Amino acid sequence: MIETYNILSPDFERDAPRELMLLSIISQSFFQPFSLEDNLLVILTALTSGSGVGFNRAMLFLKQGDRLKGEMWLGPRSAEEAGLIWEVLSTPGIGYVEILEHNRALVSKNQETLSGRLKGLVYAADEEGALIPAYAACRKEILLVREAASEPLVDRRFLNVIGVDEFLCIPLLARDDIVGEIILDNAITRTPITPADIKLAGLCGLMAGNYIYSTTLHRKLLDMEKMAAMGEMAMFVTHQLRNPIVAVGGFTDQLLKPDIPEDKKRRNLTIIRDEVRRLENIIYQMGHFLKVSLKEPVYFDPGPAIAAVLSSPEILTKSEGYVLNAKLEPCLPEILCDPTSFSEVIRNLLDNAFDATPAGGTVSVRGYRKNRSGFVLSVRDTGRGITNPDKDQLFRPFFTTKENGMGLGLTFTKRVMDTCGGKVEVQSRAGKGSLFKLIFLCREKELTT
Amino acid sequence: MKKKILLVEDEKALCLLYEEELSREGYAVTAVTNAEVALAELGTTAFDLIVTDIRMPGKNGIELITQIMGLRKDIPIIINSAYQSYKEDFMTWAADAYVVKSASLDELKTKIKQLLGD
């Protein structure tokens with residue numbers, strides 16, 4: 001017998017140990033499409049919420065270059081505010097999404113918030129003789145500071161800002177590097193920090209450090225991918241522009257020769273005009289690709305959009321000499337996608353299908369429900385198919401097997417499907433044809449009265 | 001007798017341009033738009049020189065060169081490409097010359113003359 005459990009929603013009982021609740025909130029937040037800043041805010045929240053460790057306030061320093069910079073400070077400014085916040089945070093059933101929304105306001109850039117007061121604090125991150133709080137990061141050790149006012153290692157400016165005598169410094173480590181530091185205190189309740197609090201806060205610090213590290217690596221990787229794509233784009237554009245430029249230059253040179261007959265003159269001018277139009281089209285398409293930003297996906301009825309594409313003049317012209325058939329199941333559900341991008345994606349797939357298929361071939365469009373939450377829109381052709389090496393590169397920007405293609409259509413398709421939480425699947429056999437399946441999230445159509 | 005050049009170029013307008021310009025220089029030019037046809041031509045005609053593009057649909061110029069080397073090692077090959085970067089691909093080093101496409105065909109014509117000893 002096999003039992004299955006959802007990885008992302010471990011529902012703990014309300015009386016579950018606070019450590020489990022805390023780790024659950026933090027680890028689940030990493031799987032949400034939150035920014036680094038928002039996820040760090042979730043960690044600070046967990047450290048200060050009723051269901052978390054239960055510190056009153058949490059302050060975050062992040063390492064930027066060789067400096068530790070005060071970034072966020074979460075917590076109430078007074079006992080009254082504390083009562084209000086903790087009431088919200090301890091509401092049964094409240095999740096990290098609600099907590100996040102609630103706490104964003106508390107760490108806004110408004111100078112009146114705690115975060116505003118923290119912004120001016122910057123320390124060298126690896127300096128000999130550093131003062132607390134940077135001292136903890138430099139030594140890579142958790143520090144519990146008591147009687148801070150009489151401790152010479154505490155920076156006076158920091159002490160003025162934090163305004164308490166007892167606080168905990170948790171350095172955030174990623175492998176062996178410092179990526180930040182969290183400072184925790186109980187400024188409102190004045191309860192002493194316990195060894196159990198320190199252990200749990202230390203564990204949160206490890207998670208936060210590793211999260212910052214992996215996010216930074218991921219960002220670097222994305223930057224590298226972008227750079228590589230830019231390089232590839234530059235190479236592709238050079239080629240795309242150079243060929244028509246050579247044709248324009250070469251045929252113009254011929255025109256300038258004295259012995260050119262009238263019919264050849266006319267032919268050359270026609271070629272030059274066509275090549276200039278091609279250049280114009282390349283520039284237009286590049287501009288379109290570079291500026292296109294995808295809109296938020298919404299649920300909509302795909303039926304009218306598919307019908308509009310199928311009956312558009314360009315598809316009708318392209319389908320001349322082919323068999324084009326479309327079969328959509330009755331009562332289509334609503335699918336999740338940006339409607340404009342959806343139409344463009346269908347147009348792209350149909351374009352590719354006709355381009356890959358010899359005249360007389362068949363292009364079929366199908367729309368059907370895969371299961372309760374999935375809707376498939378497929379485009380099948382009886383064309384030349386895709387070879388295995390080409391299959392691996394299909395969605396790479398600027399990869400094309402067409403003579404005058406830009407190699408951006410399927411890249412765009414993949415981007416659209418990723419944005420709306422959908423998928424693209426490709427089945428193809430060289431010489432037999434291809435099948436492209438777009439799988440969208442869907443829901444039943446809302447009834448209107 | 002005119003020297004025979006096999007020209008492989010997938011861009012139809014460029015194919016026409018090169019064919020006309022090299023014919024004007026006194027060569028017998030066979031212009032084809034893909035590598036498969038080029039290989040078929042090589043089987044029937046004894047060309048003195050080959051000019052080929054690299055990025056072409058189907059078999060690309062580098063694959064074509066590799067196959068030509070297996071058939072006839074002695075035939076001079078000129079790569080005529082819009083890409084500067086392929087010069088760094090060692091597979092292109094098998095060619096006798098590498099010309100980056102330009103609106104002026106002077107460099108291509110000069111290389112052809114040099115390789116044919118004209």
Quiz item: Looking only at A:T387, A:T411, A:T400, which one moves most when chain A is put into a Gaussian network model with springs between Cα atoms under 10 Å?
Solution: A:T387
Quiz item: To one decimal place, what orientation-averaged projected area in nm² is obtained for the convex hull of the Cα set of chain B?
Solution: 6.6 nm²
Quiz item: Share of chain B's accessible area from carbon and sulfur, percent, 1.4 Å?
Solution: 53 percent
Quiz prompt | For the protein assembly as shown: accessible area per residue (Å², 1.4 Å) | solution = 51 Å²
Quiz item: Which residues does a label at A:R366 reach in region A:316-343, if reach means a backbone N under 15 Å from a point 7 Å past the Cα toward the Cβ?
Solution: A:325-330
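Hydropathy first: keep DSSP H helices in chain A averaging at least 0.0 on Kyte-Doolittle, then drop any whose Cα extent along the axis falls short of 20 Å, and list what survives.
A:195-255
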Exercise. Report which residues of region A:243-259 become buried by 40 Å² or more of accessible surface when going from the isolated chain to the complete set of protein chains (1.4 Å probe; DNA, RNA and ligands ignored).
Key: A:N243, A:V246, A:F251, A:Q254, A:K257
Exercise. Report the relative contact order of chain B, percent, no decimals, based on alpha-carbon pairs under 8 angstrom and at least 6 residues apart.
Key: 22 percent
Quiz item: Given R₀ = 51 Å, FRET efficiency for A:K391-A:A196 by Cβ-Cβ distance, to 0.05?
Solution: 0.40
Quiz item: Taking the Cα centre of each part, how many Å lie between region A:234-313 and region B:1-76?
Solution: 27 Å
Quiz item: If each of A:R104 and B:T66 carries a label point 7 Å out from its Cα toward its Cβ, how far apart are those two points in nm?
Solution: 5.4 nm
Quiz item: In nm, to one decimal, how far is the modelled label at B:K73 from the one at A:Q285, with both set 7 Å along Cα→Cβ?
Solution: 4.2 nm
Self-check item: Extension reserve of the A:E444-A:I2 stretch, reckoned as 0.36 nm per residue once the Cα distance is removed
Solution: 156.0 nm
Quiz item: What number, in percent, do you get for the relative contact order of region A:339-449 if the mean sequence gap of Cα pairs under 8 Å and at least 6 apart is divided by its residue count?
Solution: 29 percent
Quiz prompt | Rounded FRET efficiency, nearest 0.05, which uses the C-beta distance separating B:Q114 from A:D263 and R0 of 51 Å | solution = 0.90
Quiz prompt | Distance-filtered residues of region A:371-413 - backbone nitrogen under 19 Å, label point 7 angstrom along A:F300 Cα→Cβ | solution = A:375-378, A:412-413
Self-check item: At least 30 Å² of accessible area lost relative to the chain alone, listed for region B:76-101 with a 1.4 Å probe
Solution: B:A82, B:Y83, B:K101
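Counting other Cβ atoms within 10 Å, keep those with at most 15, restrict to DSSP loop, and tell me which trypsin sites (Lys or Arg not before Pro) in region A:352-449 are left.
Working: sites: A:R366, A:R369, A:K370, A:R372, A:R380, A:R384, A:K391, A:K402, A:K414, A:R415, A:K423, A:R429, A:K432, A:K437, A:R443, A:K445; in loops: A:R372, A:R384, A:K402, A:K432, A:K445.
Qualifying residues, ordered by number: A:R372, A:K402, A:K432, A:K445.
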Practice problem: For chain B, with a Gaussian network of springs between Cα atoms less than 10 Å apart, report the residue from B:A31, B:A103, B:A13 with the top mean-square fluctuation. | Solution: B:A103
Quiz item: When the convex hull of the C-alpha atoms of region A:172-301 is computed, what volume per residue in Å³ does it have?
Solution: 213 Å³
Exercise. Would you work out the relative contact order for region A:218-288, in percent, from Cα pairs under 8 angstrom that are 6 or more residues apart?
Key: 35 percent
Practice problem: Choose one answer from A:I271, A:I43, A:I170: the residue with the largest mean-square fluctuation in a GNM of chain A with alpha-carbon springs under 10 Å. | Solution: A:I271
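Would you work out the charge dipole size for chain A about its Cα centre, treating the Cβ of every Lys and Arg as +1 and the Cβ of every Asp and Glu as -1, and quote it to the nearest 20 debye?
The dipole of chain A has a size of about 1720 debye.
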Practice problem: In whole Hz, with x marking every Gly and Pro, tabulate ³J(HN,Hα) for region A:316-325 from phi via Karplus 6.51 cos²θ - 1.76 cosθ + 1.60, θ = phi - 60°. | Solution: 4, 5, 5, 7, 4, x, 10, 9, 10, 10
Quiz item: Hey, if you put +1 on the Cβ of every Lys and Arg and -1 on every Asp and Glu Cβ in region A:226-291, which of A:A228, A:T252, A:V276 ends up farthest toward the positive end of that dipole?
Solution: A:A228
Self-check item: Principal axis dimensions, largest first and in whole angstrom, of chain A by Cα
Solution: 99, 63, 45
Practice problem: Consider a paramagnetic label point 7 Å from the Cα of A:T238 along Cα→Cβ; state which residues of region B:53-92 have an amide N under 12 Å from it. | Solution: B:81-89
Self-check item: Long-range HN-HN contacts of A:L324 with modeled amide H, under 5 Å
Solution: A:V363
Quiz prompt | Charge dipole (chain A, unit charges on Cβ, about Cα centre) - positive-most of A:V154, A:P358, A:L60 | solution = A:P358
Quiz item: Taking each full run of DSSP H in chain B as one helix, which ones are at least 20 Å long along their axis (Cα atoms) and have mean Kyte-Doolittle hydropathy of at least -1.0?
Solution: none
Quiz prompt | Percent accessible area from carbon and sulfur atoms, region A:226-291, protein chains only, probe 1.4 Å | solution = 65 percent
Practice problem: Would you mind checking A:K265/B:K87; A:K63/A:K226; A:K257/B:K4; A:K257/B:K111 for any pair whose Cα atoms are more than 29 angstrom apart? | Solution: A:K265/B:K87
Self-check item: Pairwise burial B:A, computed as accessible area of each alone minus the pair, summed, 1.4 Å, Å²
Solution: 1900 Å²
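The values are calculated or read from the model by the stated rules, or taken from the named source; none is laboratory data. Not measured: the values here are computed from a predicted model. Every residue, glycine among them, receives a Cβ derived from its backbone with ideal geometry; neighbour counts consider all protein chains shown. Please note that ligands, DNA and RNA were not included when accessible areas were found on the heavy atoms of the full protein model with its side chains. Shrake-Rupley method; radii C 1.70, N 1.55, O 1.52, S 1.80 Å.
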